[in-house]
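To start, the structure itself, in structure tokens.
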Amino acid sequence: MLYECNWEALVHWVLRCTGLRAVLKLYDCWVFRTSRILGLLLRLGEAGYAMFFDVYVREALHGEQGTVGQIPDWENPTIVGRNRRPAKGTTYAFTDEAEFVSFWRSGGCWERRLTLSNVRSLNGVWQFKLLSYPISLTGEYVAMDFSTNEWDSINVPSNWQCEGWDRPIYTNFQYPFPLHPPVARTQSDYSSDNSRGHTKISAVNPTGVYRHSFNLEDDWNAKHDKTYIVFEGVDAAFHVWVNEQSVGYSQDSKLAAEFDISRYIHSGVNQLVVHVYRWCDGSYLEDQDQWWLSGIFRDVYLYRKCLSQISDYSFRTQCQDHQTGKWDVTVQAEICETTEAYFKKVNKVLVLRLLDNNFVEIHQACLHDFRIHQKMPYLGTMHDACTEEVYLQTKVHFSLEHIMEWSSESPTLYMLVISLETESGEVLDCEGCRVGFRTVRVENKQILINNRPVLIQGVNRHEHCPVRGKAVSEKLMLDDILLMKHTNFNAVRTSHYPNHPRFYELCDEYGLYVVDEANIETHGFEFGLHSTPYLANRPTWKNAYMARVTRMFARDKNHCSVIIWSLGNESGCGGAHFAMYSWIKHNDQSRLVQYEGGGYKTPCTDIICPMYAPPLLCAQLASQPDWRPVILCEYSHAMGNSNGGLHKYFDVFRNQTGVQGGFIWDLIDQGLQCSKDGVQYWGYGGDFGDEPNDKQFCINGLFFPDRTPHPASFEAKYLQQPLMITLQADQVQVHNRYAFTDLDQLKFHWCVVLDNGYTLAAGNIHCIKVGPGMVANYDWVDLFPSVASLSQTATERRLTFDEWWVDITASFVEDQLWADSQMIIAKCQLMLPKRVTSVSKEPRLESRVRVERGCNRLTVDCRDSSYIFDTASGSLVEFQFRGETLIDSGLAPCLWRAPTDNDNGGSIFSFAARWAHAGLNKLDEYKTSTSSRINEHGCFQLLVQKSLGPTKRKLVCTLCTRYTVTRCGHLEVKCTFNFARNLPPLPRIGVSVTCPKQLHQVEWLGLGPHENYLDRKTSAFLGRYGATVEELHVPYIVPCENGARQGTRWLSLGSSESTNKCLFTSKENFSFSASNFTDEELARRVHQHELQRAQSINIHLDAFHMGLGGDNSWFPSVHPEFTSSITTKNYDFAFVIAGVDSDDALDMQYRKVRYTDDAEAVG
């Protein structure tokens, strides 16, 4: 304990001497390798780490394996598959072109894809048993007559942890098992809740045994002699048996494994057995920041083909002229035949047709010339028997004109259909997919798509369902794509693995640029905050790396949405990365390659793609003499109440050449559904008894697990909107941010709104026609009525107001695939010149302020208002208006907030730790003195002076509060804070007050309608808003500070039972929040369902409320301009409390306070 105290004192001494900025600068130099000296130290550290770890692993494995024997497939890094078919593009196995057209005309949904004539889905209910370790498996488990009466059933696809077996484990980068590569085993107990009851099992490598029977009709192979089984995704590795015969083995949980089972099946009932291992050597390559979940989590199906079949094809394009739409096309097709079929020498023809999106043919070719093609090495896939197959290849080149290009804005698709036929016209096989025409290249530090620079407005997305884990339905995929489109994202990174193949088809269709990422991350081999290339430099692991990239490429190569390949995430930069980069660049010149590991100087990337570099550093990186653009692979960490400062990134994106956007982390909170005592809630690391875990670090999305939005998503939507309208001097400037779309595709609606909530005028704009990327200036009267005429209208209607503005919204003229014509895709607000309103002073009243002194109480009455003060503490005890209590305690000074995840980031360097060290969360009052009088204007004044701090010897500030009850019944409050030296940045400077819980209806004039903070408010517009206290609460999965509104002019609380309202207002704008929970309650709880409501409504009125930060969540990241770096010791906050009984009275009292000086209050 003494050591901890000394260390904490040292840290605070360092911060006092150097300041937080110096610490942050050192952190940036180390993390982003911007210092040569620190970079050299890091390299030396990585080398030393590798040497140490080699010795450590050898010793660990010696004790682990003891005896020498055959190494099992799942612990052998040189074997990544056994009898697995070569990777290829998605196979459909159409019977003919008619089925192809019918399928794609109906939308190409995955459910129908599994019901095609030559496809048989095996999804459904399977039999299941979970064992503790693969060694528990015996031959009887694959026997046809093995009894499974005592087994449970499980849904396929699913993760078995989400079905009641085993437990989910969440880690950010630490491995959930001891590091003894290639051995991955845990020693843990887990509980299993399923139909057989609650059991506790000790396991070192939980192994799921799946059994399923499927029936094949007699004519299944009447025409088609080959049958294949496809597992789209199994975590982490598995062996397959069919009818007691061993079929094969596969790992890489996020790519399909296909096996030829033709020799094992027969008509009638067939038995399929799958052994799935939770851990394998491949788990060392899958250390992504996500839940560790196991099982058959994607689709399983059969498909059949003839002995001669289309095994793969590629569609490549090259633009000759973007203006005329002239393109060159190369289609390469691969035919696979058994040796028997090949030597029969039956003449075949490959018919290729390209159709437009109306299914009208625009080109046809017939190919007769086939040449034997040598398949690339299998890269770690072993074959137990000769495959006896011949691969043939053919290629065709042709040119097209008047082609419509594909982009995220206009995702025009064409249809490629390829049929393999005999000379007599019999169709042997038919394949095809949707394709698009687009180019991607880098020029002058910019990515050009179709020869135009495009700002990458991206987001990272995990495949996540809060109920089914990684078993994501097609509907949920589409929901996520619509969320991204509606939030104005144009790009998605498949962090950190290839997604379900249907997701890419939907990205093609709806228009999203895709960074397709290989299923590689070895973050757990970390040194000094950096992942090391420990495994990437091991020759025995090279094929495992290469297989993951080459198979991803083979599957997704025909998707026009894929513009960038990613070599994985946070795995250092070693020999395997150079090999992967070289292979992709050799095989695909039409796309870029990115990889963050190794820092911005690594040659293994076409893009400088740092993660969480602050905006200023992004600009500095772009200024380097380098041809590559800067695009952040991750930025603005959306953990809890976060994403502060997001607008600063967009300032750099839009103004700094070479910085071209990035991908926000991330889209969805990865919470899993939990239930306790009948209450459901979102769980995170540790909630399932999982050890080790990284707690709520998986809760960092712009949307909750059920896809409802965080307030930060509105900020992202606004900053990414495709247009901006601003006032420039006496003109209206319209900026079209689209790269390919003219603004005549949009319709605009405007309305002039007064600060009393009245809409003065409204209309539509029809004359905005601005080309892509262009800026145009319009005279005000070309778009709106003149300000003079609007002012005249207001005068004629006898409207009283001071602030007024124009709200503008934009939507599409015609319905789009992803948005109807009513959906608002952009909004802007133009402030009009303030009107100076003359507010007459309240006439002097004959009645005077009445003061009554009682036991420890002082009651001040004036007109309909009554204020009760505590004479000892000088605090306001109660405020009544017309006999109704509107305030039941307050006004208490408050300098602390319930810490957010960002506030907690940085351990002892964190804001939360420094606030606690300063005692801001435990302020007590000392040395209180009070004095009162009636001044010369007949107003009552109470002066309260007190010292605040956690102890008498550790004072934070002195506070002088002057209460003035005026003759019109208002309570004017002025708080003067005099702060001590060496305080950390304060989260807030203000007061708290409580109101009776029936005053739950809140109205305010200020920024809204959604939650906003000092560094996250660009999307919050000025307006008059209303909500309940319940609605103001943002239920972040981990409770924290929430619900604030900035720029408030006035705030009122009322109830449905009374017309009386409690009004708070000030001459200066302030921040407020209203909550059913205290700050202490928010801070102590770790889940929303644990929160206990307070007896009253808790109101915060803040003269200052610190920003949220969000550049990252593990180190202080609030930018200096959004912190309370107090340059003067004194800080004043003045406001007024009043009771009102109508909206007219509220408006009048607000203006009286805001725009007049009340001489009565002087004294």
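Every number here is computed from the coordinates shown, using simple stated rules; none is lab data. What you are looking at is a predicted structure, and each value in this text was computed from that prediction instead of being measured. Using ideal geometry, Cβ is built from the backbone for each residue, glycine included, and neighbour counts are taken over all protein chains shown.
Descriptive notes on the structure:
- Spacing of the modelled spin labels on S789 and T809, each 7 Å from Cα toward Cβ, amounts to 2.4 nm.
- Using Cβ point charges alone (K and R +1, D and E -1), the dipole size of the chain about the Cα centre works out to roughly 3180 debye.
- Working value for region 850-1161: equivalent-ellipsoid semi-axes of 30, 23, 18 Å, each the square root of 5 times a Cα gyration tensor eigenvalue, largest first.
- Sorting 638-650, 605-617, 722-734 by average packing, meaning the other beta carbons within 10 Å per residue, from highest down gives 638-650, 605-617, 722-734.
- Listed cross-link partners K475/K557; K946/K1152; K542/K601; K375/K557 are compared with a 27 Å cut-off, the Cα-Cα value being larger for K946/K1152.
- Those aspartates and glutamates that a straight Cα-Cα span of less than 16 Å connects to K445, excepting residues fewer than 8 apart in one chain: D606, D626
- Measuring r between the beta carbons of D328 and R441 and using R0 = 22 Å, the FRET efficiency lands at 0.90.
- Inter-centroid distance (Cα atoms) of region 468-490 relative to region 575-600, Å: 28 Å
- Distance from region 986-1056 to region 247-275 (C-alpha centre basis), Å: 57 Å
- Summarising the label geometry, the points placed 7 Å from Cα in the beta-carbon direction at N347 and I372 lie 2.2 nm from one another.
- When you work out D = kT/(6 pi eta Rh) for the chain at 37 °C and 0.692 mPa s, using the Kirkwood radius from C-alpha pairs as Rh and the Stokes-Einstein form, the result is 99 µm²/s.
- For region 308-435, the orientation-averaged shadow of the C-alpha convex hull comes to 10.0 nm² (one quarter of the hull surface).
- One chain, two ends: R263 and V55. Fully extended at 0.36 nm per residue, the span grows by 70.2 nm beyond their Cα-Cα distance.
- The trypsin sites (Lys or Arg not before Pro) of region 299-356 that DSSP puts in a loop, and whose beta carbon has at most 12 other beta carbons within 10 Å, are K344, K345.
- Projection of the Cα convex hull of region 674-826, averaged over all directions and equal to a quarter of that hull's surface, yields 15.0 nm².
- Gain upon complete extension [Q589, T387; 0.36 nm per residue less C-alpha separation]: 69.5 nm
- Footprinting exposure proxy for D626, D903 (fewest neighbouring C-beta atoms within 10 Å first): D626, D903
- Segment S907-N856, extension gain: residue separation times 0.36 nm, minus the distance between their alpha carbons: 13.9 nm
- For the listed peptides 364-376, 932-944, 551-563, 102-114, a ranking on the average number of other beta carbons within 10 Å per residue, highest first, reads 551-563, 932-944, 102-114, 364-376.
- Highest-first arrangement of 292-300, 760-768, 690-698, 976-984, where packing means the average Cβ count within 10 Å: 292-300, 690-698, 976-984, 760-768
- Span-like helix criteria (full DSSP H runs; alpha carbon extent of at least 27 Å along the helix axis; mean Kyte-Doolittle hydropathy of at least 0.0) are satisfied in the chain by 36-65.
- Rounded if a/c under 1.5, otherwise prolate or oblate - region 703-757, Cα gyration tensor axes: oblate
- Centroid-to-centroid separation of region 418-449 and region 899-923 [C-alpha atoms, Å]: 56 Å
- Sequence-distant lysines (8 or more away, or on other chains) whose Cα lies within less than 19 Å of K747: K485, K717, K769, K827
- Between I563, G164, S907, the Cα set farthest toward the positive side of the dipole of the chain (charges on each charged residue's Cβ, about the Cα centre) is that of S907.
- Charge dipole (the chain, unit charges on Cβ, about Cα centre) - positive-most of T859, S1055, L886: T859
- Distance (nanometres) between label positions extended 7 Å along Cα→Cβ at N221 and K922: 7.7 nm
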